[in-house]
């Protein structure tokens with residue numbers, strides 16, 4: 001491995017998850033209220049299982065989890081959020097350290113850094129459509145990490161994979177991530193590209209994301225400006 005490796009021992013880092021994923025599944029709205037429907041608890045449970053099977057048949061996360069059961073964690077709090085990060089990816093674009101076909105869990109050691117990272121990408125999309133009006137909410141998902149991570153902090157000259165230009169940095173980052181996975185390391189620690197002084201982390205395997213807990217809900221509002229107003233809800 002051409003970059004230094006750091007052994008982490010349980011630091012907490014935060015990922016911002018779209019708030020829509022914090023709500024109950026859409027198909028749960030089809031269930032009658034058990035308090036007024038007259039159905040028994042067993043009948044409600046059976047209907048819930050049937051709806052879950054219907055929803056699961058078209059869920060990329062559940063299908064991936066089924067085919068890769070040895071890789072995807074289950075039975076742990078918020079395992080569905082972890083699995084979704086690895087089961088969903090951009091079909092036509094890559095991210096800094098993953099491309100189509102392999103997801104990753106991006107997080108930051110500071111909430112402020114996580115906010116800068118996610119709002120950068122929303123602003124980029126708003127610029128594409130030339131409409132600076134949007135309201136987006138995310139839930140904080142805190143997790144612990146341990147083991148061997150490639151550490152890009154302080155590396156000189158600055159690696160190409162940290163280039164702020166997406167067209168340059170992202171393809172280079174995917175090459176680095178491939179090397180990291182082949183070496184059997186857990187992920188990459190790197191200085192934030194969008195917030196000076198911030199630190200980011202990407203876990204490249206689902207089992208690396210441990211002890212996930214939900215935190216605050218954060219709202220960003222673009223009201224005609226490229227700079228959003230951010231607040232804790």
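Looking at region 149-162, I want the residues that are closer than 17 Å to residue 194 by Cα and have a partner that is outside any loop (DSSP other than H, G, I, E, B) with Cβ atoms under 6 Å, at least 6 apart or on another chain. Which pairs are those?
Going by the 6 Å Cβ cut-off, the qualifying pairs are 152/190; 153/191; 160/172; 161/169; 161/172; 161/173; 161/176.
Of everything in region 95-122 that's closer than 19 Å to residue 168 by Cβ and over 14 Å from the mean Cα position of the chain (by Cα), which residue is surrounded by the most Cβ atoms within 10 Å (Cβ to Cβ)?
Among residues in region 95-122 that are closer than 19 Å to residue 168 by Cβ and over 14 Å from the mean Cα position of the chain (by Cα), the one surrounded by the most Cβ atoms within 10 Å (Cβ to Cβ) is 120.
Which ranges mark the strands (runs of 3 or more DSSP E) fully within region 130-233 that have 1 or more residues being farther than 23 Å from residue 82 by Cα?
Those strands (runs of 3 or more DSSP E) span 133-151, 210-223, 229-232.
Among residues belonging to region 175-187 that are in contact with a helix residue (DSSP H, G or I) (Cβ under 8 Å, 6 or more places away or on another chain) and in contact (Cβ under 8 Å) with a residue 40 or more places away in the chain, point out the one that is surrounded by the fewest Cβ atoms within 10 Å (Cβ to Cβ).
Result: 176.
Scan (1) out of contact with any helix residue (DSSP H, G or I) (no Cβ under 8 Å at 6 or more places or on another chain); (2) under 30 Å from residue 226 (Cα atoms); (3) surrounded by 15 or more Cβ atoms within 10 Å (Cβ to Cβ); (4) at pLDDT 95 or above for the single condition residue 153 breaks and write down its number.
Exception for residue 153: condition (3).
The values are calculated or read from the model by the stated rules, or taken from the named source; none is laboratory data. On a predicted model such as this, the values are computed, not experimentally measured, just so you know. Don't worry about glycine lacking a Cβ; one is built from the backbone with ideal geometry, like all the others, and counts go over all protein chains shown.
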